[in-house]
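Chemist: One structure, pasted below without further comment.
The values are calculated or read from the model by the stated rules, or taken from the named source; none is laboratory data. These figures come from a predicted structure and were not determined experimentally. Glycine gets a Cβ as well: all are built from the backbone with ideal geometry, and neighbour counts include every protein chain shown. Surface accessibility is based on the protein's heavy atoms, side chains included, excluding ligands, DNA and RNA. Shrake-Rupley method; radii C 1.70, N 1.55, O 1.52, S 1.80 Å.
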Amino acid sequence: NVSQWKAFYDSVCPQDEELPAPWDSKCNELQKLVLLRCLRPDKVVPRVQHFVRTIMGQMFTEPPTFDLAGSYADSNCCAALVFILSPGADPMAGLLKFA
């Protein structure tokens, strides 16, 4: 059984593999996630995304599209729009299209 756990630990994508027997059938999805967190914390994010997609649905793992017109309509002189940009993002085309 140690060799199965070593193969799981050394796997490139352990988040996509089954746990060694008999643990795959004994554990629910949350328990499998906790085991992965203990063994391979670097692979937790993809497994959490899979967990959320499975339990809650695809829409909870995809960022919503930004609606500039709707955001502008919600703003006023006391609630301004603040843009937090990531490197390489250029909102200028969207702003000019909106204007």
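Chemist: Can you tell me how many residues within region 46-71 are modelled with pLDDT of 85 or more and open to solvent by 70 Å² or more (accessible area, probe 1.4 Å)?
Modeler: Number satisfying all stated conditions: 10.
Chemist: State whether the residues of region 23-32 include one that is among the hydroxyl-bearing types (Ser, Thr, Tyr) and over 30 Å from ALA99 (Cβ atoms).
Modeler: There is at least one residue in region 23-32 that is among the hydroxyl-bearing types (Ser, Thr, Tyr) and over 30 Å from ALA99 (Cβ atoms).
Chemist: Another question, then. Looking at (1) over 24 Å from GLN58 (Cα atoms); (2) open to solvent by 40 Å² or more (accessible area, probe 1.4 Å), which one does PRO20 not meet, given that it meets all the others?
Modeler: Of the numbered conditions (1) over 24 Å from GLN58 (Cα atoms); (2) open to solvent by 40 Å² or more (accessible area, probe 1.4 Å), the odd one out for PRO20 is (2).
Chemist: Residues that are of a type in the set (A, V, I, L, M, F, W, C) and without any contact (Cβ under 8 Å) to a residue 60 or more places away in the chain: list the helices (runs of 4 or more DSSP H) wholly contained in the chain that include at least 2 such residues.
Modeler: Passing ranges, in order: 2-10, 29-39, 44-55, 68-74, 92-98.
Chemist: Would you check which residues across region 81-99 are within 15 Å of GLY70 (Cβ to Cβ) and open to solvent by 100 Å² or more (accessible area, probe 1.4 Å) and list them?
Modeler: LYS97
Chemist: Being of a type in the set (D, E, K, R) and closer than 20 Å to SER11 by Cβ is the filter here, so list the residues in region 27-58 that pass it.
Modeler: Of everything in region 27-58, those that are of a type in the set (D, E, K, R) and closer than 20 Å to SER11 by Cβ turn out to be GLU29, LYS32, ARG37, ARG40, ASP42, LYS43, ARG47.
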